[in-house]
1. Taking only Cα atoms, what is the 0 to 90° angle, nearest 10, from helix 52-69's long axis to the longest principal axis of the chain?
2. Round to the nearest 0.05 the FRET efficiency obtained for Glu26 and Glu56 when R0 = 30 Å and r is the Cβ-Cβ distance.
3. Quote the charge dipole size of segment 22-74 about the Cα centre in Debye, to the nearest 20; the model charges only the Cβ of Lys and Arg (+1) and of Asp and Glu (-1).
4. So what is the relative contact order of the chain, in percent, for Cα pairs below 8 Å that sit 6 or more residues apart?
5. As I understand it, the dipole of the chain uses +1 on the Cβ of Lys and Arg and -1 on the Cβ of Asp and Glu, about the Cα centre. Which of Ala17, Val33, Gly44 lies farthest toward its positive end?
6. Under the 0.36 nm per residue contour assumption, what length would be gained going from the current alpha-carbon distance of Asp67 and Asp41 to full extension?
7. Starting from the Cα-Cα distance between Ser15 and Val33, subtract it from 0.36 nm times their residue separation and give me the gain in nm to one decimal.
8. Kindly express, to the nearest 10 degrees and within the range 0 to 90, the angle between helix 3-16's C-alpha long axis and the longest C-alpha principal axis of the chain.
Amino acid sequence: MTTSEMETVEQVWPSLAPLLFVPHTEREYDRLVQMLDTLIDVVGEDEDHPLASLMEIIGVKIEKYEDEHVPELA
């Protein structure tokens, strides 16, 4: 990452931080699930949608939380 890119990220991060976080609590997990539900409504299956990658990132964070905190059904 270049210095210029880092400066841009530093400027926009305060706006993005509430959306891009690692969930550590059930409340944070629930918040991500709500965001994902909204993104699914907006993005649908359009892989070219500008928010498609955000939807994928949030899905990965949810999956990781579930792998670590939700017991598997026998």
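1. Between helix and principal axis, roughly 40 degrees.
2. 0.85
3. Its charge dipole is roughly 280 debye.
4. Reported as a whole number, the value is 32 percent.
5. The one lying farthest along the dipole's positive direction is Ala17.
6. Numbers: separation 26, 0.36 × 26 = 9.36 nm, distance 2.46 nm.
Between Asp67 and Asp41, full extension yields 6.9 nm more.
7. Between Ser15 and Val33, full extension yields an extra 4.6 nm.
8. 50
Read-outs throughout are calculated quantities, based only on the coordinates presented, and are distinct from any laboratory measurement. Everything numeric here is computed off the predicted structure, so don't read it as measured data. As a convention, Cβ positions derive from the backbone with ideal geometry for all residues, glycine included, and neighbour counts pool all protein chains shown.
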